[in-house]
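Contents: one structure, followed by commentary.
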């Protein structure tokens, strides 16, 4: 998390008129633009081109108004978000600000891995542009490998435990 946003520039969007998210401001950029944008984010910077294309295929751009809740603490994840422009506050325990996320950062990805309730509430501090990755489509993309799935779930839970001070480091 950092302050001082540096917008990731997205150009060449294709407006999808029949998109179910159209009413919410959802748009799908062309594949080349989406791949280039994803590659600039912390979450996907180590992915190869083929992997980025697969993620791009399940991603949509959403414009978000100031004050909109992207993730609510205690609710099970339905999607994750990658901030393209703008900032969002990250709060725990009913209003304690613990961070601010900005361009290139993601929120909600742990919930897609371990299916546990959200560990924080994330609210748009400013008007935002974000990439939304749907949880069900993400699940399909991950595939059925029990080994990979198990490792991801364990790692996600360890991160949650560390964040909440429940894991002692020996």
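One table, with the values for the structure above:
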quantity	calculated
Inter-label distance for residue 163 and residue 50, nm, one decimal - labels placed 7 Å from Cα along Cα-to-Cβ	3.2
Peptides ranked, highest mean first, by Cβ atoms within 10 Å: ranges 93-101, 113-121	113-121, 93-101
Cα-based equivalent ellipsoid of the range 13-163: semi-axis lengths in Å, sorted from largest, via gyration tensor	23, 21, 14
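We did not get these values from a lab; they are worked out from the coordinates using the rules stated. Note that the structure is predicted; figures quoted are calculated from it, not measured. Methodologically, a virtual Cβ is constructed for each residue, glycine included, from the backbone with ideal geometry; neighbour enumeration extends over all protein chains shown.
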